[in-house]
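Engineer: The structure that follows is given in the form of structure tokens.
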Amino acid sequence: MEIMGKAERFTDLKVLVVEDDDLLRRVMYDRLTAAECEVMAADSLYDANRLLASGTFDIMITDIRLPDGSGLDLLEQQREAAPDMAIVVMTAFADVDTAVSALKQGAFDYLSKPFEDEQLFKILRNLKDRSKLSRKVETLKDYSLREFEGFVQFDQMIGTSAMTAIFDMADRVAKSSATVLILGESGAGKGMLSKAIHRSSSRAKEPFVEINCSAIPEHLLESELFGYESGAFTDAKNKKLGLFEVAEGGTIFLDEIGDMDLALQAKVLKVLEDREFRRLGALRPTQVDVRIIAATNRNLKELVDKGTFREDLYYRLSVVPIEVPPLRNHPKSIEPMANYFLQLFAKQMGRTVQGFDQDALEMLRTYSWPGNVRELRNVIERGLILSDGDHIKAAALNLDPGKASVNPAENACPADLLPLAEIEKRHIQRVLEKMKGNRKAAAEVLQIHRTTLYKKIEAYELG
């Protein structure tokens, strides 16, 4: 980074620099501080996550290659956790493909090393311009929310009176340190509720760490959760902190805990009972202060009866059980949720929108939403991207009219008139619905590997 003679002023702009090169990190810190930014710096993903959990930033500038991972991991995490924060990626390898990929994932901009002050300050100027647009959209967002009097809101979740008891319970439990078990179908909003509970708790300034227990192979899940010592096994060259340690003082969200194997369940139980665990290869236990929120789309009582889930862990987890209903059970929530997501994404994209036209609203109301809130969120984001003008039209939503019913599984398909891919897509969807969103069980019914099912769900946009 070359030094220029005259520094610009970006007073009170909060900047996080994530760079493992000591010299470049120091130069960037000095130049940004001279420009009157409030600057914090980290040299790894771990340090960056600590700083992100302890405060908010207007912009994060991160190297792509870091000693303990990729800056793209930060991009993926923070795009949802901190949607208002602009993220700029740096690469020393002039890797344009990676930079373009980062932009597609939601990065604000990128810098190729070496770069001059002017390149950096141009990005900061663009950020200030975007902030002006955001304030206009925020005004529109407030107006939209006021239009829906009588609807309830908890943190960033909104719904009808059917959600009042759930939001009230979540708000109450947030004030305690009790373990929470969130139940509901895939996509119903269990992850959103877990974040809302964390942000409304006394641990809000500490880390929120989440992991999908069904998405990681069983032999890797233990090291992800509890970490390992150097030399614990053949490839363990350096000590690795587990997610329980990363979440110290905050909250860990164990999604799809019903898919965890019995041996690992015993170790999670020990954390709940004794507030300690042992890294792989460690001689002494590590003390930890962390709140556990777990979620599942499976019936844990049935799993206990079958012997695949520990009864003692079940009772430890279900101190406060909260069941999130599928979206089809509170259809009046669809419109306010859709408006909320529309304003959220419009703000991120610097767009000004008024809402949906009548055909689009009717389509949103009559669609069955097998993917629940997650599907609604994805549809609204896609609709905004594909739309021009200040109203979202039905065509941009790209919803299947054949699913405009409470039970889309009843829509029989004439197999001899459909392409093979469409038949496969509909069959996978029916199996997922029958299994109530349980992907592990669906993979067993379909007789395919779970990873293969995940890829097909993504390809067919069923998630």
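The values are calculated or read from the model by the stated rules, or taken from the named source; none is laboratory data. Keep in mind it's a predicted model, so treat the numbers as computed, not measured. Ideal geometry is used to build each Cβ from the backbone, glycine not excepted, and the neighbour counts take in all protein chains shown.
Engineer: Out of all the residues in the stretch 219-258, which are touching an Asp or Glu at 6+ places or on another chain (Cβ under 7 Å) and over 22 Å from PRO285 (Cα atoms)?
Structural biologist: ASP255
Engineer: Sticking with this structure for a sec: Residue check: is SER202 closer than 29 Å to ARG172 by Cα and either β-branched (Val, Ile, Thr) or not in a strand (DSSP E or B) (or both)?
Structural biologist: Considered against the rule, which asks whether it is closer than 29 Å to ARG172 by Cα and either β-branched (Val, Ile, Thr) or not in a strand (DSSP E or B) (or both), SER202 comes out as yes.
Engineer: Does LEU364 satisfy the condition of being in a helix (DSSP H, G or I), in contact with a helix residue (DSSP H, G or I) (Cβ under 8 Å, 6 or more places away or on another chain) and surrounded by fewer than 22 Cβ atoms within 10 Å (Cβ to Cβ)?
Structural biologist: Against the criterion (in a helix (DSSP H, G or I), in contact with a helix residue (DSSP H, G or I) (Cβ under 8 Å, 6 or more places away or on another chain) and surrounded by fewer than 22 Cβ atoms within 10 Å (Cβ to Cβ)), LEU364 does not qualify.
Engineer: Filtering the stretch 205-254 down to residues that are of a type in the set (Ser, Thr, Tyr) and either assigned to a loop (DSSP other than H, G, I, E, B) or assigned by TED's automatic domain parsing to the domain that holds PRO83 (or both), which residue is modelled with the highest pLDDT?
Structural biologist: Within the stretch 205-254, the match that is modelled with the highest pLDDT is SER214.
Engineer: OK, next. Might you check whether a residue that is part of a helix (DSSP H, G or I), closer than 18 Å to PHE154 by Cβ, at pLDDT below 95 and more than 23 Å from the chain's Cα centre (by Cα) occurs anywhere in the stretch 322-329?
Structural biologist: Yes - at least one qualifying residue is present in the stretch 322-329.
Engineer: Also, I was wondering about something else. Could you figure out which of (1) exposed (fewer than 13 other Cβ atoms within 10 Å of the Cβ); (2) part of a loop (DSSP other than H, G, I, E, B); (3) of a type in the set (A, V, I, L, M) isn't true of ALA282?
Structural biologist: With respect to (1) exposed (fewer than 13 other Cβ atoms within 10 Å of the Cβ); (2) part of a loop (DSSP other than H, G, I, E, B); (3) of a type in the set (A, V, I, L, M), ALA282 is out only on (1).
Engineer: Of all residues in the stretch 66-82, which are under 15 Å from PHE108 (Cβ atoms) and polar (S, T, N, Q)?
Structural biologist: Hit for the stretch 66-82 is GLN78, nothing else.
Engineer: Moving on to the next point. Within the stretch 29-62, how many residues are farther than 21 Å from ARG203 by Cα, without any contact (Cβ under 8 Å) to a residue 60 or more places away in the chain and among the acidic types (Asp, Glu)?
Structural biologist: Looking only at that region, the number is 4.
Engineer: Can I ask one more? Does ALA346 satisfy being in contact (Cβ under 8 Å) with a residue 60 or more places away in the chain and not assigned by TED's automatic domain parsing to the domain that holds ARG291?
Structural biologist: The answer is yes for ALA346.
Engineer: Does ALA263 meet the test of being over 21 Å from the mean Cα position of the chain (by Cα) and hydrophobic (A, V, I, L, M, F, W, C)?
Structural biologist: In short, yes.
Engineer: Having 1 or more residues that are modelled with pLDDT of 80 or more is the bar; report the helices (runs of 4 or more DSSP H) wholly within the stretch 56-168 that clear it.
Structural biologist: 71-81, 117-147
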